[in-house]
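Asker: Encoded as structure tokens, here's the structure I'll be asking about.
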Amino acid sequence: MRDWVDLTKNDIFTASQLKRRKVAHIRSKYSVEDEIELIRGLIRGAPEDRKYTDWLEEVEAAEQKATTDNALLKETIAYEGSTRRLAKYLLSVGVKRVPETPETRDKETGEITQEFVPEIKEIKPVDATVKVKTYDPEGVFLKEVTEPNPEIVRDLNERYAAQSVVDKATAETLTLVVQRSGNETRKHVGISR
């Protein structure tokens, strides 16, 4: 019996979807009528049908593995999304300009000594605070207050949430992240443990 959850894809299943898959696997060999007849036979004292019980045990084991794999895949996808989120620049810091670096080669061997690096354009940081005008219920201006910039607050909250996911990642999750990325070294997925 092949695995019900493909750990190389991003398809996560609900518990009810896994239960339906279980029933479909049982029905692939035994119809409802067959199953009822086997149960009636057991009630009448007929010997247990080992093929049927072995098949049920196999399906139960597949369901348990699928449930475990599904949870691992869900955690792995969350980890991958969190690392992508953390890789984005901080709104409060921005990005400094990096000039283009052309590819250079060794004159004798022709080997590349410097890979081409495209220019990274400057992104100015977002202001840390914003001015907000307050009004009374009739619309009369009361005062202007300075508040933290909501964009920066959102950015930081998303980062804290993403960092929490990364910090809680299990060794099994990190192993699957590496396998899914196709890289066999930890440095390629940003793992610093």
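The values are calculated or read from the model by the stated rules, or taken from the named source; none is laboratory data. The structure presented is a predicted model; accordingly, all values stated were derived computationally and were not measured. Cβ: placed from backbone, ideal geometry, glycine included. Neighbour counts: every protein chain shown.
Asker: Which pairs do you get when a residue that is within 30 Å of Asp6 (Cα to Cα), found in the range 36-65, comes within reach of a residue that is part of a loop (DSSP other than H, G, I, E, B) and hydroxyl-bearing (Ser, Thr, Tyr), reach meaning Cβ atoms under 8 angstrom, with the pair 6+ apart or on two chains?
Answerer: Hits for this filter: Tyr52/Tyr30; Trp55/Tyr30.
Asker: Can I ask one more? Applying the selection to the range 17-62, what residues are part of a loop (DSSP other than H, G, I, E, B), out of contact with any helix residue (DSSP H, G or I) (no Cβ under 7 Å at 6 or more places or on another chain) and either hydroxyl-bearing (Ser, Thr, Tyr) or at pLDDT 90 or above (or both)?
Answerer: The initial filter retains those residues of the range 17-62 that are part of a loop (DSSP other than H, G, I, E, B), namely 28-31, 44-49.
Cutting the leftovers down to out of contact with any helix residue (DSSP H, G or I) (no Cβ under 7 Å at 6 or more places or on another chain) gives us 28, 31, 44-47.
The answer is Ser28, Ser31.
Asker: Does the range 87-94 contain any residue that is in a helix (DSSP H, G or I), touching a residue at least 40 places away in the same chain (Cβ under 8 Å) and not acidic (Asp, Glu)? It would help to see each step written out before you state the result.
Answerer: Step one: filter the range 87-94 for residues in a helix (DSSP H, G or I), giving 87.
The next check asks that each one be touching a residue at least 40 places away in the same chain (Cβ under 8 Å); those that pass are 87.
Restricting the remaining residues to those that are not acidic (Asp, Glu) gives 87.
Yes, the range 87-94 contains at least one residue that is in a helix (DSSP H, G or I), touching a residue at least 40 places away in the same chain (Cβ under 8 Å) and not acidic (Asp, Glu).
Asker: How do the pairs read when you match residues in the range 162-187 that are buried (at least 16 other Cβ atoms within 10 Å of the Cβ) and in a helix (DSSP H, G or I) with residues anywhere that are at pLDDT below 95 and small (Gly, Ala, Ser), using Cβ under 9 Å and keeping only pairs 6 or more apart or on different chains?
Answerer: Pairs that qualify, where the first residue is buried (at least 16 other Cβ atoms within 10 Å of the Cβ) and in a helix (DSSP H, G or I) and the partner is at pLDDT below 95 and small (Gly, Ala, Ser), are Val166/Gly190.
Asker: When you check Arg40 against the structure, is it more than 30 Å from Ala162 (Cα to Cα), of a type outside the set (S, T, N, Q) and surrounded by 12 or more Cβ atoms within 10 Å (Cβ to Cβ), yes or no?
Answerer: Details: more than 30 Å from Ala162 (Cα to Cα): yes; of a type outside the set (S, T, N, Q): yes; surrounded by 12 or more Cβ atoms within 10 Å (Cβ to Cβ): no.
Spelling it out, it is not the case that Arg40 is more than 30 Å from Ala162 (Cα to Cα), of a type outside the set (S, T, N, Q) and surrounded by 12 or more Cβ atoms within 10 Å (Cβ to Cβ).
Asker: Residue check, Ile152 against (1) surrounded by 12 or more Cβ atoms within 10 Å (Cβ to Cβ); (2) farther than 30 Å from Ile12 by Cα; (3) without any contact (Cβ under 8 Å) to a residue 24 or more places away in the chain; (4) among the aliphatic types (A, V, I, L, M), all met but one. Which one?
Answerer: (3)
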